[in-house]
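Data block below; observations after.
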Amino acid sequence: MNKPETIKADGTEADLLMIAGRSFHSRLFLGTAGYPNRQMMLDAVAASGTEMATASIRRISLAGEDESMVDLLAGRVHFLPNTAGCQTAKDAVLTAELAREALDTNWVKVEVIGDRELLYPNVEELLIATEELVNNGFVVLPYCNDDPVTCQKLADVGAAAVMPLGSLIGSGLGIANPHLIELICQRSPVPVVLDAGIGTASDAALAMELGCSAVLLNTAVSKANDPVRMAAAFKHAVAAGRLARLSGRIPKRQNAEPSSPQFGLVGS
Amino acid sequence: MTVMTTIRINGVSEDLTATTVTDLLTQRGVALDGKGLAVALNGHIVRRQSWTETPLRAGDDIEIVTVRQGG
């Protein structure tokens, strides 16, 4: 369980997120796909304040390559390569190994999908891939379903964090089952990163209020009308949600509880 | 004398005259010092420093990948 640094009343004290011995000031991780152009992607990354961005590993094109993602982002963010699109543990493991070689990082977001339309995790293959990659020295952040049992199993085989979906990738539907996410956060021995389905800033704030240690999103920024502005919105939302979480919210009540004094009312 | 080999490159079977990984990359116009590149031969990573000494044989399956945008 991530323990925050001491927080001052004005909220400016650092509240570092630790994953696998690496510290992060920003609890927002950002995807690099689907932006209108590369410059906007770079500007969004900057506006978001993120310190870690995802990337994919794909076969080189015969037509030749554009400016390298590595050239664009190296030095600005820590890379988190993904195994997006893989449908078997075997493919995910090879992709992760290629990513390690290509980017000189042992960090990997493991995605193993069981349905190409829903992009929903294949839990069985995901567990196999996670365990094998952990044993091969990777820092594994698995994208998984919002299932407390799956999350526990992933932590048991050595995942450095767990990344349950809020809703389907790219759907913008937000957090479909907030109670499950809250339960996962309460029980997880590793940081919980809400990954997939975030649609707008309030979704990210909610994730943090439910106890998530961080959020990972892509489409909510890259496909917004104004991606750079939305990236800034998410920066604030993640910070606000985290602050709210640390501040200890009021309980939900069935009845009204007046805030103004009960006595001395004019006319009484 | 050119030796013809049939190998699978990024999922496509081809006859090629390349004899090593370096040879193949050069044929394809891939910058050997390019960043974000990785190669796997028959499911095993071939590190950059080994590209020149790694021979290609008939029936080999090679993956040449790069880093792209992703979520």
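The values are calculated or read from the model by the stated rules, or taken from the named source; none is laboratory data. Predicted, not measured: the structure shown is a model, and the values here were computed from it. Because the Cβ atoms are built from the backbone with ideal geometry, glycine has one as well, and the counts that use them run over all protein chains shown.
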(request) Among the residues of the stretch A:238-259, count how many are in a loop (DSSP other than H, G, I, E, B) and in contact (Cβ under 8 Å) with a residue 12 or more places away in the chain. (result) 1
(request) Name every residue in the stretch A:14-68 that is in contact with a Leu (Cβ under 6 Å, 6 or more places away or on another chain) and basic (Lys, Arg), in order of residue number. (result) A:ARG27
(request) Could you grab me the full set of residues in the stretch A:92-144 that are basic (Lys, Arg) and within 14 Å of chain B (Cβ to nearest Cβ)? (result) A:ARG100, A:LYS109
(message) Only one of B:VAL39, B:VAL12 is farther than 22 Å from A:ALA96 by Cβ, modelled with pLDDT of 90 or more and either more than 9 Å from every other protein chain (Cβ to nearest Cβ) or touching a strand residue (DSSP E or B) at 6+ places or on another chain (Cβ under 9 Å) (or both). Can you tell me which?
(response) B:VAL12
(request) Kindly establish whether A:ASP66 is surrounded by fewer than 17 Cβ atoms within 10 Å (Cβ to Cβ), of a type in the set (Asp, Glu), at pLDDT below 95 and over 20 Å from the mean Cα position of the chain (by Cα). (result) yes
(request) Could you identify the single residue in A:ILE128, A:ILE169 that is within 20 Å of A:ALA84 (Cα to Cα), in contact (Cβ under 8 Å) with a residue 12 or more places away in the chain and surrounded by fewer than 19 Cβ atoms within 10 Å (Cβ to Cβ)? (result) A:ILE128
(message) Return the residues of the stretch A:24-41 that are part of a loop (DSSP other than H, G, I, E, B) and either surrounded by fewer than 17 Cβ atoms within 10 Å (Cβ to Cβ) or of a type outside the set (A, V, I, L, M, F, W, C) (or both); say none if nothing qualifies.
(response) A:HIS25, A:SER26, A:ARG27, A:GLY31, A:THR32, A:GLY34, A:TYR35, A:PRO36, A:ASN37
(request) Out of the residues in the stretch A:42-59 that are within 7 Å of chain B (Cβ to nearest Cβ) and buried (at least 22 other Cβ atoms within 10 Å of the Cβ), state the one that is farthest from A:ILE169 (Cα to Cα). (result) A:ILE57
(message) Kindly evaluate A:ALA92 against the criterion of being surrounded by 23 or more Cβ atoms within 10 Å (Cβ to Cβ) and in contact with a Cys (Cβ under 6 Å, 6 or more places away or on another chain).
(response) yes
(request) Please enumerate the residues belonging to the stretch B:47-62 that are in a helix (DSSP H, G or I) and facing chain A (nearest Cβ under 9 Å). (result) B:ARG48
(message) Suppose the filter is within 21 Å of A:ALA55 (Cβ to Cβ), more than 14 Å from chain B (Cβ to nearest Cβ) and touching a Pro at 6+ places or on another chain (Cβ under 7 Å); does A:ALA155 pass it?
(response) no
(message) Only one of A:ALA96, A:ALA46 is out of contact with any helix residue (DSSP H, G or I) (no Cβ under 7 Å at 6 or more places or on another chain), of a type outside the set (D, E, K, R), modelled with pLDDT of 95 or more and part of a helix (DSSP H, G or I). Can you tell me which?
(response) A:ALA46
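The rows are residues; the columns are (1) within 19 Å of A:LEU94 (Cα to Cα); (2) out of contact with any strand residue (DSSP E or B) (no Cβ under 9 Å at 6 or more places or on another chain); (3) at the interface with another protein chain (Cβ under 7 Å from one of its Cβ atoms); (4) outside any helix (DSSP H, G or I).
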position	(1), (2), (3), (4)
B:ARG8	yes, no, no, yes
B:LEU24	no, no, no, no
B:VAL30	no, no, yes, yes
B:ILE45	yes, no, yes, yes
B:ILE64	yes, no, yes, yes
B:VAL67	yes, no, yes, yes
(request) Please work out if A:ALA102 is buried (at least 23 other Cβ atoms within 10 Å of the Cβ), over 28 Å from A:ALA176 (Cβ atoms) and of a type in the set (Gly, Ala, Ser). (result) yes
(message) Condition first: free of Cβ contacts under 8 Å to residues at least 40 places away in the same chain and in a helix (DSSP H, G or I). Can you find one or more residues in the stretch A:102-116 that meet it?
(response) no
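Select, from A:VAL149, A:VAL157, the only residue that is over 28 Å from A:MET69 (Cβ atoms) and without any contact (Cβ under 8 Å) to a residue 12 or more places away in the chain.
After applying the criteria, what remains is A:VAL149.
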